Amino acid sequence: MTPEDIILKPVLTEKATDGLQPDETGKSDRTSYGKKYTFVVPKSANKTQIKIAVEKMFGVQVQSVNTSTRRGKLKRMGRNEGYTPTTKKAIVQLTEKSKPIAFFDALQ
């Protein structure tokens, strides 16, 4: 799979963009410097493939990748029922030395 096949689209919600800002509380944990980006990825993609795809597409260094799968919800319309699609998202943490991704700079 090419990097374009793995990174489907960015997640542009308020909660996802909170990870872009550095933490003002001064905590000493490793996530206090921000640089967390969220992407929708295929259900078959693993963390290693996601890491390589982000590094190739944006020219950055990835520290860690967390993934979560959201099961589809049961929806009804009258007597017909079906499920919304199951989606998977990846939260990518960049290293402290890495440059930020330019696409997300316009959101701040």
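Each value in this text was obtained by applying a stated rule to the coordinates, not by laboratory testing. If you're wondering where the values come from, they're calculated on a predicted model, not measured in any experiment. Please note: Cβ atoms are built from the backbone with ideal geometry, for glycine as well, and neighbour counts cover all protein chains shown.
For the chain, the longest principal axis of the alpha carbon atoms and the long axis of helix 47-58 meet at an angle near 60°. Taking other C-beta atoms within 10 Å as the exposure proxy, V60, V40 rank V40, V60 from fewest upward. For the range 34-41, the Karplus equation 6.51 cos²θ - 1.76 cosθ + 1.60, evaluated at θ = phi - 60°, returns couplings of x, 6, 10, 10, 10, 9, 8, 10 Hz by residue, with Gly and Pro reported as x. What net charge is computed for the residues neighbouring E4, neighbours being all others with C-beta under 15 Å from the C-beta of E4, Lys and Arg scored +1, Asp and Glu -1? Result for the neighbourhood of E4: 0. The residues T17, T2, when put in order of fewest to most other Cβ atoms within 10 Å, stand as T2, T17.
Would you please give the FRET efficiency between N46 and T13, computed as 1/(1 + (r/R0)^6) with r the Cβ-Cβ distance and R0 = 22 Å, to the nearest 0.05?
0.40
When V92, V11, V62 are arranged by Cβ crowding within 10 Å, least crowded first, meaning fewest neighbours, the order is V11, V62, V92.
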